[in-house]
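The values are calculated or read from the model by the stated rules, or taken from the named source; none is laboratory data. None of the values given here were measured: they were computed from a predicted structure. Cβ: placed from backbone, ideal geometry, glycine included. Neighbour counts: every protein chain shown. For the accessible areas, the whole protein counts, side chains as well, though only heavy atoms, and no ligand, DNA or RNA atoms are used. Shrake-Rupley method; radii C 1.70, N 1.55, O 1.52, S 1.80 Å.
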Amino acid sequence: QMQLVESGGGLVQAGGSLRLSCTVSVSTFSMNSIGWYRQALGKERELVATVYRSGNTNYADSVKGRFAISRDNVRNMVYLQMNNLKPEDTAVYYCNTLPRTIWPWGQGTQVTVSS
């Protein structure tokens with residue numbers, strides 16, 4: 001049975017950093033483009049960073065220059081390095097595939113940024 005686990009969240013002051021990790025137990029990991037999504041309280045889930053099969057990356061304008069996504073196809077892991085965090089980055093962060101989300105959603109990891 002497939003397992004997907006996000007970790008690394010926490011409480012941090014504005015300007016601080018966190019590194020999120022996502023581990024996925026699926027044999028087709030390297031075949032997928034993968035994104036980090038986030039959902040703030042009362043808002044819709046949004047895509048913030050993408051790492052394609054090629055290794056190329058893309059970012060939402062709101063995090064460009066502050067976040068960096070990477071992947072390890074040997075360990076089946078995806079990372080999100082978040083620097084210069086802002087209170088508006090507060091959300092639950094999830095990883096999943098794209099353009100369609102084909103994996104069951106994990107529980108996510110909570111990131112809270114205090115001002």
Descending semi-axes in Å of the stretch 19-67, equivalent ellipsoid built from Cα gyration tensor: 21, 15, 9
Mean accessible surface per residue for the chain, computed with a 1.4 Å probe while every protein chain stays in place, in Å²: 55 Å²
Phi to ³J(HN,Hα) by Karplus 6.51 cos²θ - 1.76 cosθ + 1.60 over the stretch 51-59, Hz, x for Gly, Pro: 10, 7, 4, 6, x, 5, 10, 8, 9
Cα centroid separation, the stretch 63-115 to the stretch 16-44 (Å): 5 Å
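For the chain, which whole percent of the accessible surface, found with a 1.4 angstrom probe, sits on carbon and sulfur atoms?
47 percent
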Most mobile of LYS86, LYS43, LYS64 in a GNM of the chain (Cα contacts under 10 Å): LYS43
Low-density loop positions, chymotrypsin sites (Phe, Trp or Tyr not before Pro), the stretch 9-115 - DSSP coil, at most 15 other Cβ in 10 Å: TYR52, TRP105
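Got a sec? What order do ASP89, ASP61, ASP72 fall in by accessible area at 1.4 Å, biggest, i.e. largest, first? Please report the intermediate quantities before stating the final value.
Details: ASP89 0, ASP61 130, ASP72 30 Å².
Heavy-atom accessible area, descending, gives ASP61, ASP72, ASP89.
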The chain: radius of gyration and largest Cα-Cα distance (Dmax), Å: 13.2, 41
HN-Hα J in Hz across the stretch 2-8 - Karplus 6.51, -1.76, 1.60, θ = phi - 60°, x for Gly and Pro: 5, 10, 9, 9, 9, 8, x
Distance in nm between pseudo-label sites at SER7 and ASN58 (7 Å out along the Cβ direction from Cα): 3.1 nm
